[in-house]
1. Does residue 94 satisfy the criteria of being surrounded by fewer than 21 Cβ atoms within 10 Å (Cβ to Cβ), out of contact with any Lys or Arg (no Cβ under 7 Å at 6 or more places or on another chain) and closer than 23 Å to residue 172 by Cβ?
2. Within the stretch 102-113, is even one residue in contact (Cβ under 8 Å) with a residue 24 or more places away in the chain, part of a strand (DSSP E or B), open to solvent by 10 Å² or more (accessible area, probe 1.4 Å) and within 18 Å of residue 57 (Cα to Cα)?
3. For residue 91, work out the one condition from (1) in a strand (DSSP E or B); (2) touching a Gly at 6+ places or on another chain (Cβ under 9 Å) it doesn't fulfil.
4. List pairs: first in the stretch 38-54 and at positive phi, second at pLDDT 95 or above and surrounded by 10 or more Cβ atoms within 10 Å (Cβ to Cβ), Cβ under 9 Å, 6+ apart or cross-chain?
5. Exactly one of these conditions fails for residue 86: (1) assigned to a loop (DSSP other than H, G, I, E, B); (2) without any contact (Cβ under 8 Å) to a residue 24 or more places away in the chain; (3) crowded, with 18+ Cβ neighbours inside 10 Å. Give me its number.
Amino acid sequence: MLQAEDYFQWQSTTLAALFVGLNFVWEALARIEPWLEEELKRLSPNERSQGIIQPGAFVNDSVILGPYSVVETGAYVKGPAYIGSFSHIRHGAYLREGAIIGEHCVVGHASEVKNSILLDKSAAPHFNYVGDSILGRHCNLGAGVKLSNLKHTKAEVIVKAHGLDYPTGLIKLGAILGDDVALGCNTVCNPGTLVGPGTLVYPNASLRGIYPANSIIKVVGNTEVHPRS
């Protein structure tokens with residue numbers, strides 16, 4: 001229930017090396033920095049930058065940009081970071097250190113990604129924060145979705161499952177979203193939230209803990225309409 005295989009079909013992705021042999025799914029986050037270091041050493045400067053960087057975009061030297069990917073004017077890619085082929089980094093996006101973006105992904109206007117993995121065909125397209133999180137294949141974040149990664153107390157994030165506590169060893173851990181998860185607009189995932197693959201979340205939800213696969217999560221509330229006096 002807490003392994004990478006429970007959330008993603010990672011074996012068929014371009015980033016499979018990040019998930020081989022994990023005990024718990026969140027352990028992939030610790031592999032981001034060394035994986036990026038190895039890729040930057042392995043590739044020549046020409047091989048690192050094969051996409052399109054539009055005038056007015058900032059892309060650091062420690063960024064790998066795959067073929068046919070586009071970084072639009074006004075985007076800021078701080079790096080070290082990886083952007084796979086055919087991905088689109090739109091105007092106003094901010095990719096901080098440790099952003100790993102797979103193939104055919106979108107990071108959009110006013111979206112920030114930090115120390116996170118987006119597997120192939122996932123999107124954080126509008127006003128999103130993605131911190132210390134993993135998005136499976138074909139995930140979509142509605143406008144304003146926030147994947148919060150730090151508790152107010154700055155204490156270790158502990159995942160609770162089947163009545164047991166699983167210490168993560170992490171002060172910062174955002175969300176783990178399985179393949180084909182879609183979060184409605186303005187949803188907030190509190191630190192250490194895990195959502196199983198295929199689950200759909202209605203807008204304005206506040207999530208905490210573990211949610212099963214192939215579910216629909218609704219915020220149940222009453223909206224009252226009264227005549228004006």
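1. Values: surrounded by fewer than 21 Cβ atoms within 10 Å (Cβ to Cβ): yes; out of contact with any Lys or Arg (no Cβ under 7 Å at 6 or more places or on another chain): yes; closer than 23 Å to residue 172 by Cβ: yes.
Yes.
2. no
3. For residue 91, the failing item is (1).
4. Matching pairs, first to second residue: none at all.
5. (3)
The values are calculated or read from the model by the stated rules, or taken from the named source; none is laboratory data. These figures come from a predicted structure and were not determined experimentally. Backbone-built Cβ (ideal geometry, glycine too); neighbour counts: all protein chains shown. Only protein heavy atoms, including side chains, enter the accessible area calculation; ligands, DNA and RNA are left aside. Shrake-Rupley method; radii C 1.70, N 1.55, O 1.52, S 1.80 Å.
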